[in-house]
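Data block below; observations after.
Any read-out appearing in this document is the output of simple, stated calculations on the displayed coordinates, not a laboratory observation. As the structure is a computational prediction, the values presented were derived from the model and not from experiment. Note that each Cβ is placed from the backbone with ideal geometry, even for glycine, and that neighbours are counted across all protein chains shown.
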Amino acid sequence: MATSRILSLFVLASLVLPLSGQGDPQAGLVGSKAAKFTLKSFGGKSLSCPPKNTALTQLRIVVFCASWSDHSKREIDLLKKLWPIWSKQGVEILAVNVEAAVIGEEERAKIKTWLEASKIPFPVAIDEDLKAFRAYGVVAVPTTVVIDDQNRILMRMSGFPVAKSSKLIGLVQSKLESEEKLRGRPMLLETLPHRRSARLLRMARLMMAQGKMDMAEYSLKKAIEKDPDQVEARGLLAALYRQSGKGDLAKKILTEARSKFPEDTGLLIEAAEQALADKDFDRAAAHVARALKDNPAYIPSLLLRGRIQLAKGTPEAALESFKAAAKVNPLNPTPLVEAAKVLEIQGKKAEAFNFYKQAFDLLRPELQ
């Protein structure tokens with residue numbers, strides 16, 4: 001009976017997970033339109049997510065955070081330091097608390113304590129049903145999203161990577177300077193290289209999802225041509241070649257990209273994926289370890305480390321990696337499902353059932 005219940009939950013989780021924001025490859029991508037929600041503050045005031053776009057607004061930042069996330073505190077502290085300057089330059093910031101899938105009295109008490117201790121100067125919304133969390137494809141807490149005045153996502157940062165945090169600050173500053181130069185000439189904004197590149201990147205992702213690899217390859221090459229600093233396009237092009245069985249081309253693209261962006265987490269993870277495909281487990285593990293050193297809260301890194309450990313025949317180590325990912329972000333069902341799979345393989349059916357049930361409970365709102 002227990003086995004059949006585990007199987008039914010596992011099948012349900014497998015079917016629903018790709019449809020959720022957690023597993024949707026198109027949710028909250030750079031270049032896509034930012035999803036819009038009306039959320040409530042702790043005091044019940046209506047807040048727009050992303051913040052409202054006014055005549056003075058140049059950029060909007062949404063940061064998904066929670067009281068249980070140590071890295072959230074670091075990200076909030078960084079934005080608090082920048083807020084006095086950026087708020088005068090047309091930057092709106094909204095913190096979105098994603099405390100739990102269900103907000104009860106205990107969660108409200110934690111949020112209240114967190115708000116009083118944090119003294120956040122910009123608005124804070126409570127995502128009580130996690131709809132915004134899922135729509136933006138959040139896989140790690142914190143996740144920071146930068147949105148332009150056309151409601152397009154310019155950048156997203158999962159976790160609190162040191163290198164990318166500096167890049168985020170640089171991107172905001174450079175965009176503010178660019179928009180200032182072009183103010184009064186809105187017809188030229190869509191010709192900015194980064195915006196054309198972002199649209200091409202978005203198109204390439206859609207083409208890949210539809211299996212149109214030739215069109216995706218063309219779009220990615222054009223994206224890099226329009227914006228040579230488009231690191232995501234380089235990583236995705238390498239992934240496309242890897243998935244198409246063109247390992248040599250994938251390695252060439254990765255080598256070139258990593259020489260230009262040596263600390264980029266996305267490129268490190270793609271390099272690890274390539275090494276895993278080559279069954280070079282030690283090299284794959286080294287890439288993941290380096291990525292985690294800079295960004296220990298990045299869920300894809302932890303999940304990939306677990307996959308590598310499974311491939312090496314060390315399921316106990318893999319289980320610890322999946323549990324670590326679940327601890328970093330208790331709202332993401334993927335690590336729970338992966339941990340449950342390992343436990344089921346080990347014959348620990350009762351423990352596996354508990355993990356499957358936790359994943360199911362997180363996904364339950366999307367089934368109703």
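By the count of other C-beta atoms within 10 Å, a proxy for reagent exposure, Thr38, Thr265, Thr143 are ordered fewest to most as Thr38, Thr265, Thr143.
In this structure, the residue pairs whose Cα-Cα separation is over 22 Å, taken from Lys221/Lys251; Lys293/Lys348; Lys73/Lys112; Lys36/Lys357; Lys323/Lys357, are Lys293/Lys348; Lys36/Lys357.
Mean projected area of the Cα convex hull of the stretch 37-185, taken over all directions, amounts to 8.5 nm². Between the residues Phe42, Thr143, Leu176, the greatest Cα displacement towards the positive end of the dipole of the stretch 37-185, with unit charges on the Cβ of Lys, Arg, Asp and Glu, is found for Leu176.
Between Glu106 and Asn151, the FRET efficiency estimated from the beta carbon spacing at R0 = 30 angstrom works out to 0.25. Straight-distance candidates among the aspartates and glutamates for linking to Lys167, with alpha-carbon spacing under 19 Å and chain neighbours fewer than 8 residues away dropped: Glu75, Asp77, Glu92, Asp148, Glu177, Glu179, Asp227, Asp229, Glu232, Glu263, Asp264, Asp294.
Assuming R0 = 30 Å, can you tell me the calculated FRET efficiency for the pair Asp278 and Glu256, based on Cβ-Cβ distance, to the nearest 0.05? Calculated value: 0.95.
Remark: the stretch 262-368 carries a charge dipole of roughly 380 debye about the Cα centre, counting +1 on each Lys and Arg Cβ and -1 on each Asp and Glu Cβ.
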